[in-house]
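Presented below is the structure to which this report refers.
The values are calculated or read from the model by the stated rules, or taken from the named source; none is laboratory data. A quick note: this is a predicted structure, and the numbers were derived from the prediction, not measured. Positions of Cβ are generated from backbone atoms using ideal geometry, with glycine treated the same way; all protein chains shown enter the neighbour counts.
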Amino acid sequence: MTVPVQVSTLDGSAARDLTRDDFELFDNGEPRAIESVWHETDLPLTLGLVIDVSGSQTEWVTAHRATISEFLRRLLRKDDHAFLVAVGTDVKLITDLTGSLPALLAGLQEAERGEQAGAPFGDQCKKVTMRLQPIVISQCGGTALWNAVWSAAKLKMQLVTGRKALLILSDGIDTGSTHEIPQAVAELHRAETVAYSIQYPRKSRRSSVGLQRLAEETGGLRFLPPEGSYEQVFARIEEDLRNQYVLGFRPSEGAGYHRLEVRARRADVRVRSRSGYLAAAAR
């Protein structure tokens, strides 16, 4: 089994000179021998973008479309693929997995249509019609954010191999998904996908708790609204995705969820990895 690991120096920059002896790995609390380590910079990347288009959030997409577009231009290389999901009262697939940058940029422009953009994707919330008024509402409420993460992981990321990352652009408020955040995290573990989240500007930071959990449990990063430009945030994610170690080890026995911990033996670096994995039952 392999586990991707992000390693940074104390100032936050990528660390590029570690060897197998610089890591320790624990599976359900038991130390496991690390059989191989390689620094992966060129393995093809699959990137999923989940963009919150509920309510006034589309204004953020419009304001920062150029920054997101430049991020994709800089990040995606030959053999890389990406897809784009929009989430409001329902989850919509705007751009399916593609290596075409023009198609992805067109999808970003389409996302500015908000709730009208894209085609239904994943488990859809039931609609109910209010009797007193001819109004159709979604049982998910205003934003089915965890449904979007769950669908992206299960229906896209689990079907591909290689390096995988999900970038979530949202204020972090879920108002009634049918899938809860533990289910979304479990699907990310199954898909071996790292989650990054960028919170839209909002007065309260309480809403970022769920985004923080997604990032921490998958080895990614959560970013609060910056004081100025988002360019530095996207640059940090780009550096993280392009500088990754992969550890190979023999997992301990037993089906179900395994707690996973990777530590660095060096005091001058910090390590991030997913918090666990799901092991299948022996056949």
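Tabulated data
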quantity	calculated
Where residue 50 falls short, out of the listed (1) β-branched (Val, Ile, Thr); (2) modelled with pLDDT of 95 or more; (3) in a helix (DSSP H, G or I)	(3)
Output for the stretch 240-270, where each listed residue is surrounded by 13 or more Cβ atoms within 10 Å (Cβ to Cβ) and in contact with a Gly (Cβ under 9 Å, 6 or more places away or on another chain)	240, 257, 258, 260, 261, 262, 270
Pair list, Cβ < 6 Å and 6+ apart or interchain, from the stretch 2-27 residues that are under 11 Å from residue 246 (Cα atoms) to residues that are among the hydroxyl-bearing types (Ser, Thr, Tyr)	3/273; 5/245; 5/273; 7/245
Scope the stretch 27-43; condition more than 20 Å from residue 80 (Cα to Cα), among the aliphatic types (A, V, I, L, M) and in a loop (DSSP other than H, G, I, E, B); matching residues	33
Some residue of the stretch 206-222 being touching a helix residue (DSSP H, G or I) at 6+ places or on another chain (Cβ under 9 Å), in the same structural domain as residue 150 (by TED's automatic domain parsing), in a loop (DSSP other than H, G, I, E, B) and surrounded by fewer than 16 Cβ atoms within 10 Å (Cβ to Cβ)	no
Tally, over the stretch 153-175, of residues that are acidic (Asp, Glu) and either crowded, with 23+ Cβ neighbours inside 10 Å or out of contact with any helix residue (DSSP H, G or I) (no Cβ under 7 Å at 6 or more places or on another chain) (or both)	1
The one condition in (1) touching a strand residue (DSSP E or B) at 6+ places or on another chain (Cβ under 6 Å); (2) in contact (Cβ under 8 Å) with a residue 40 or more places away in the chain that residue 238 fails to fulfil	(1)
Search result, residues across the stretch 58-95 that are surrounded by fewer than 16 Cβ atoms within 10 Å (Cβ to Cβ) and among the charged types (D, E, K, R)	59, 65, 70, 73, 74, 77, 78, 79
Candidate set: the stretch 247-283, residues that are among the hydroxyl-bearing types (Ser, Thr, Tyr) and not in a loop (DSSP other than H, G, I, E, B); chosen: the one farthest from residue 185 (Cα to Cα)	273
Sole exception among (1) within 20 Å of the chain's Cα centre (by Cα); (2) among the charged types (D, E, K, R); (3) surrounded by fewer than 22 Cβ atoms within 10 Å (Cβ to Cβ); (4) over 19 Å from residue 15 (Cβ atoms) for residue 227, by number	(1)
Scope the stretch 197-219; condition modelled with pLDDT of 80 or more and charged (D, E, K, R); matching residues	213, 216, 217
Entirely in the stretch 90-160, the strands (runs of 3 or more DSSP E) that have 2 or more residues that are among the aliphatic types (A, V, I, L, M) and at pLDDT 75 or above	91-98
Test: residue in the stretch 89-101 that is free of Cβ contacts under 8 Å to residues at least 12 places away in the same chain and either of a type in the set (Val, Ile, Thr) or not assigned by TED's automatic domain parsing to the domain that holds residue 184 (or both)	no
